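Below: one structure, written as structure tokens.
Each reported figure results from applying straightforward, stated rules to the coordinates on display, with no laboratory input. Model, not experiment: these values are computed from the prediction. When we count neighbours, we look across all protein chains shown, and the Cβ atoms used for this are built from the backbone with ideal geometry, even at glycine.
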Amino acid sequence: MPCRNIVKGQKVDPAKAQRARELRRRMTPEERTLWEHLRARRLNGLKFRRQQVIDGFIVDFYCHAAGVVVEVDGAAHRQRADYDVERDRMLTLRGLHVLRFTNHQVCERLPEVLERIARVCEKRMQVSESER
């Protein structure tokens with residue numbers, strides 16, 4: 001389940017924090033589309049952060065309450081598949097669940113993408129509550 005204080009208290013390299021701010025300003029059209037549906041608790045009241053630094057990685061979207069990372073993969077991800085696999089492994093070791101969607105899925109099947117995100121978040125939150 002989600003790690004406590006995975007964001008608060010972590011030491012973030014200033015260059016990495018600056019890069020995350022830059023990525024927030026220059027989101028891809030697909031990231032912007034998804035963000036419009038995730039921001040301000042628009043998806044089932046879930047709070048998401050965008051371009052969040054976690055353990056030195058910058059993830060596209062992060063829901064702390066559910067411990068879910070959402071990645072939108074464009075063409076650049078095909079060239080760095082090995083990096084993404086290792087990154088996902090490291091995030092999973094921290095107790096996070098990584099969901100990946102392609103640009104095409106976000107553009108052409110947005111309702112299904114949102115439904116999957118909501119379903120995974122809800123399931124993880126239910127499991128987390130039952131463990132208390």
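The residue among Ala65, Gln18, Pro29 whose Cα reaches farthest toward the positive pole of the charge dipole of the chain, with charges on the beta-carbon of Lys, Arg, Asp and Glu, is Gln18. Each Lys or Arg adds one and each Asp or Glu takes one away; over the other residues whose Cβ falls under 14 Å from the Cβ of Phe61, this sums to +4. For the chain, a Gaussian network of Cα nodes joined below 10 Å ranks Pro29, Pro111, Pro14 by mean-square fluctuation, and the top entry is Pro14.
Checking understanding here: applying a Kyte-Doolittle mean of at least -0.5 and a length along the axis of at least 15 Å (C-alpha), which whole DSSP H helices in the chain pass?
110-130
Work through the residues other than Arg26 whose Cβ is under 15 Å from its Cβ and net out their charges, Lys, Arg +1 and Asp, Glu -1. Taking every other residue near Arg26 into account, the sum is +2. Considering only beta bridges that DSSP places wholly inside the chain, some 55 percent are antiparallel.
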